[in-house]
Amino acid sequence: MSDNSHEGKRESTVGKVYLVGSGPGDPDLLTVKAKRLLEEADVVLHDKLPGPEILGMIPEEKREDVGKRAGGEWTPQEYTNTRLVETAQQGNVVVRLKGGDPTVFGRGGEEMVHLANNGIPFEIVPGITSAIAGPEAAGIPVTHRDYVSSVSFVTGHEDPTKDESAVDWEALANTGGTIVVLMGVGKLPGYTDELLKYGMAPDTPVALIERATWPDQRVATGTLDTIVDVRDSEGIEPPAITVIGEVAGERERVVEFLEGA
Ligand code: SAH
């Protein structure tokens, strides 16, 4: 229930927050619901990840950037949480727009709890995650009936060598499944080393998909023991997806006929 102590605000004036996934960047990959909500919203709080094409669809006066600020600092999550609550308490329909899906490494879970704790009605609107759409955009299926029956989505952001790393690279090296790493450009040398150390074959195919489905998408491929050099020579930068596993080799078989890849 909402807090009625705010002067002059009655419960009925409280708006609503939609935690919306934008998909990987191509506006045609927005859900019908996401598109409708962007049109209906009074305020759209976003970062840069939805990409220039989707952000360009939102009228300037509705947009509020809560991503990286000039100078490279991230907007503190507390600030975003506060803005979500206050804009909703002013009676607005608020869209919190996130790249991909809102709960896949998107802090949707934290924001949801913050909204609930403050009595703000909310809804989660799923989006197509870059963890699946990114590989697909490069001609890579994340599973394959013939040889891969599991896929793991992991963050590459943590230092893979630190003892308390929440990602168990040893276990991942032994699943035999596809590994999809998000936020994994900078620490690529660390986790590829870990996977090699724990026994993955050096010639395991690896692909990097940069700005998947954006107009300037790029794909770079190599193997577990060459991909760091490939990243450096191609100058691959975030946002990019790393796909590790036999499936990454499928690209070669189809790329000639794959539009846009
Ligand atoms: N919620 C998002 C992920 C947020 S974490 C989702 O479901 O897609 C941020 C990471 O997502 C980036 O570092 C990158 O690894 C990945 N990412 C998001 N959009 C991407 C895109 N269009 N192309 C490549 N990687 C992307």
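The values are calculated or read from the model by the stated rules, or taken from the named source; none is laboratory data. It should be emphasised that the depicted structure is a prediction, and the values quoted were computed from it without experimental measurement. Keep in mind that these areas ignore ligands, DNA and RNA; they rest on the heavy atoms of the full protein, side chains included. Shrake-Rupley method; radii C 1.70, N 1.55, O 1.52, S 1.80 Å.
In the stretch 8-128, what % of DSSP beta bridges are antiparallel (nearest 5)? Numbers along the way, then the final one.
Working: 2 of 19 bridges.
Rounded to the nearest five, the antiparallel share is 10 percent.
In Å², and per residue, what accessible area does the stretch 131-256 have when probed at 1.4 Å with the other protein chains present?
Values: 5970 Å² over 126 residues.
Per residue, the stretch 131-256 has 47 Å² of solvent-accessible surface.
Checking the table 35/68; 48/187; 33/187; 16/48; 16/187; 68/187 against a 30 Å threshold on Cα-Cα, which pairs fail? Walk me through the intermediate numbers first.
Details: 35/68 24 Å; 48/187 21 Å; 33/187 35 Å; 16/48 23 Å; 16/187 38 Å; 68/187 20 Å.
Those over the limit are 33/187; 16/187.
How do 257, 105, 122 rank by accessible surface area computed with a 1.4 Å probe, from largest to smallest?
Working: 257 170, 105 100, 122 70 Å².
Listed by decreasing accessible area, they come as 257, 105, 122.
Could you compute how fast the stretch 8-128 diffuses translationally, taking Rh as the Kirkwood radius over C-alpha pairs and applying Stokes-Einstein at 10 °C with viscosity 1.306 mPa s? Give it in µm² per second. Let's see the in-between values first.
Working: Rh = 14.2 Å.
In µm²/s, the coefficient rounds to 112.
Full extension from residue 159 to residue 234: what is 0.36 nm times the residue separation minus their Cα-Cα distance, to one decimal in nm?
On the way: separation 75, 0.36 × 75 = 27.00 nm, distance 2.32 nm.
Between residue 159 and residue 234, full extension yields an extra 24.7 nm.
What Rg and what Dmax come out for the stretch 171-239 when only alpha-carbon atoms are used, in angstroms?
12.0, 37
Just the C-alpha atoms of the stretch 79-215: what Rg/Rh do they give, with Rh taken as the Kirkwood radius? All intermediate terms of the calculation are to be shown ahead of the outcome.
Working: Rg = 18.2 Å, Rh = 17.3 Å.
In the stretch 79-215, Rg relative to Rh is 1.05.
Rounded to the nearest 5, what % of the DSSP beta bridges within the chain are antiparallel ones?
Bridges in the chain that DSSP calls antiparallel: roughly 45 percent.
Which order do 165, 233 take when ranked by solvent-accessible area (1.4 Å probe, heavy atoms of all protein chains), largest first? Provide the component values of the computation, followed by the final result.
Working: 165 25, 233 95 Å².
Result, largest first: 233, 165.
What length, rounded to one decimal in nm, is gained on full extension from residue 144 through to residue 193, with 0.36 nm per residue of separation minus their alpha-carbon distance?
On the way: separation 49, 0.36 × 49 = 17.64 nm, distance 2.53 nm.
Full-extension gain reported as 15.1 nm.
Of all accessible surface on the stretch 13-77 at a 1.4 Å probe, what whole percent is carbon and sulfur? Mind showing how you got there, number by number?
Details: 1690 of 3220 Å².
Answer for the stretch 13-77: carbon and sulfur cover 52 percent of the accessible area.
Write down the Kirkwood hydrodynamic radius of the chain, to one decimal in angstroms, obtained as one divided by the mean of 1/r over all alpha carbon pairs. Write down the numbers at each step before the final one.
Working: mean 1/r = 0.0509 Å⁻¹.
Kirkwood hydrodynamic radius for the chain: 19.6 Å.
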